[in-house]
C-alpha cells in the first residue's frame, strides 16, 4: 500500500504542478481561451490559485521523501481536496459539468493520500 500511495502522490503532484505552473505562466486572457471559468476571477486570484497548486505539489512529495516534517504530506493532500471542492463548485456555476468529473477524481486521490498518510501508512 505504501508504494501505491507514493504512486498516487507523484501523479497528483504532477497534475498540480502542471496546472499550477500553467496558471502562473500564462495571462488571464490566454487562459480564458481554453478555460472559460477564469473570467470569473481576477488575475491576482488566478496567480494565487496557481501558486497554491505548485505549493501543494511540493508538499505532496518533498516532506515525505526527505523525512523532514512529513506531516505536511497529508496536510497538502487535504489542501488539494479542498481546492478540488472549490474547483467543482466553480465549474458547476460555469455549467462546465465534464470538468467536475476531473475534480472528483483528483479529490478522491487526495482523500486516499490524506487517509493513508495520516493513518496506517504515515511517513
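Read the figures in this text as sums done on the coordinates, not as results from a lab. Just so you know, these numbers come straight off a predicted model, no measurement behind them. Methodologically, a virtual Cβ is constructed for each residue, glycine included, from the backbone with ideal geometry; neighbour enumeration extends over all protein chains shown.
Listed here are the residues, each with its yes/no results for (1) assigned to a loop (DSSP other than H, G, I, E, B); (2) closer than 16 Å to residue 5 by Cβ.
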site	(1), (2)
75	no, yes
85	no, no
99	no, no
110	no, yes
113	no, yes
123	yes, yes
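On the given criteria, is residue 31 farther than 24 Å from residue 121 by Cα and crowded, with 19+ Cβ neighbours inside 10 Å?
Yes.
Considering only region 5-28, state which residues are more than 16 Å from the chain's Cα centre (by Cα) and either closer than 14 Å to residue 76 by Cα or surrounded by 12 or more Cβ atoms within 10 Å (Cβ to Cβ) (or both).
If we filter region 5-28 for residues that are more than 16 Å from the chain's Cα centre (by Cα), which is where we start, we get 25-28.
Result: 26, 28.
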- Please identify the pairs in which a residue from region 45-74 that is on the phi > 0 side of the Ramachandran plot has its Cβ atom under 6 Å from the Cβ atom of a residue that is assigned to a helix (DSSP H, G or I) and crowded, with 17+ Cβ neighbours inside 10 Å, counting only partners at least 6 apart or on another chain. 69/63
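Give me the residue from region 87-97 that is part of a helix (DSSP H, G or I) and in contact (Cβ under 8 Å) with a residue 40 or more places away in the chain and, out of that set, farthest from the chain's Cα centre (by Cα). Before you say what the answer is, go through the steps one by one.
Here is the first cut: in region 87-97, the ones part of a helix (DSSP H, G or I) are 87-93, 97.
Pick out the ones that are also in contact (Cβ under 8 Å) with a residue 40 or more places away in the chain and you get 90-91, 93.
On the way: 90: 15, 91: 15, 93: 20 Å.
Filtering region 87-97 for residues that are part of a helix (DSSP H, G or I) and in contact (Cβ under 8 Å) with a residue 40 or more places away in the chain, the one farthest from the chain's Cα centre (by Cα) comes out as 93.
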- Query: Is it the case that residue 32 is more than 21 Å from residue 104 (Cβ to Cβ), in contact with a helix residue (DSSP H, G or I) (Cβ under 7 Å, 6 or more places away or on another chain), part of a loop (DSSP other than H, G, I, E, B) and without any contact (Cβ under 8 Å) to a residue 24 or more places away in the chain?
  - Reply: no
- Note on the structure: Out of (1) touching a residue at least 12 places away in the same chain (Cβ under 8 Å); (2) farther than 18 Å from residue 122 by Cα, the one residue 12 does not meet is (2)
